[in-house]
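Here's the structure we're looking at; comments come further down.
Since every read-out is calculated from the coordinates, none of them should be taken as a lab result. Small disclaimer: the values here were computed from a predicted structure and weren't measured. As a convention, Cβ positions derive from the backbone with ideal geometry for all residues, glycine included, and neighbour counts pool all protein chains shown.
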């Protein structure tokens, strides 16, 4: 029996989101009160989308706040591990969902919902399996551990129709080396919004880090 594929429209929408900015901030928000000023700071620094990881108890509330009060930045959810997570982030108003890997249940939910979804892969076999299901935008995670730039260069020759968002171990110093690759559409980075700056309310510093990151990859 042939397995159904993910919606082409959802994949097109995901690619448009990834294309908005070469750096997608990846953040873990410890207090919902930080959500709106953080989003404003990143937007002022040049970000056009933000991945809020589901690693804290207030993550869903933070996504809801950003989606409602900062409409000029697209907020998505990261660390989506289960189909139940998938449903919750949609209900919170997220514009997209991202996982550190992928499961059959997540793929099924993505197909049923036609919601923009970025699954992750870390091997050629995983990339090929997701490609067979219609995914042409993938997260490479953890990029720095699984070969980084060298891995993406190697995989780009035999599998040239996949665009990647490498995340994990990406920083200001190496982001451009990823973005110079033909098969990298953007990078995910936490360095532009460190928790120490968020917890201290240093929104100007976060704006500067975002702007500095974009300058470094331009």
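Just a few scattered comments:
- Candidate set: region 133-157, residues that are more than 18 Å from the chain's Cα centre (by Cα), touching a residue at least 24 places away in the same chain (Cβ under 8 Å) and more than 20 Å from residue 171 (Cβ to Cβ); chosen: the one surrounded by the most Cβ atoms within 10 Å (Cβ to Cβ): 155
- Residue ranges of helices (runs of 4 or more DSSP H) in region 108-218 with at least 2 members in contact with a strand residue (DSSP E or B) (Cβ under 9 Å, 6 or more places away or on another chain) and over 23 Å from residue 38 (Cβ atoms): 124-132, 148-156, 175-179
- Applying the condition of being surrounded by fewer than 17 Cβ atoms within 10 Å (Cβ to Cβ) and touching a helix residue (DSSP H, G or I) at 6+ places or on another chain (Cβ under 6 Å) to region 91-119 and asking which residue is farthest from residue 50 (Cα to Cα) yields 105.
- Residue count for region 177-201, restricted to those that are farther than 22 Å from residue 41 by Cα and within 17 Å of the chain's Cα centre (by Cα): 5
- Filter result for the condition that a residue is under 25 Å from residue 136 (Cβ atoms) and within 12 Å of the chain's Cα centre (by Cα), over 73, 98, 107: 98
- Checking each residue in region 185-202 for being surrounded by fewer than 21 Cβ atoms within 10 Å (Cβ to Cβ), over 30 Å from residue 156 (Cβ atoms) and touching a residue at least 60 places away in the same chain (Cβ under 8 Å) picks out 195, 199, 201.
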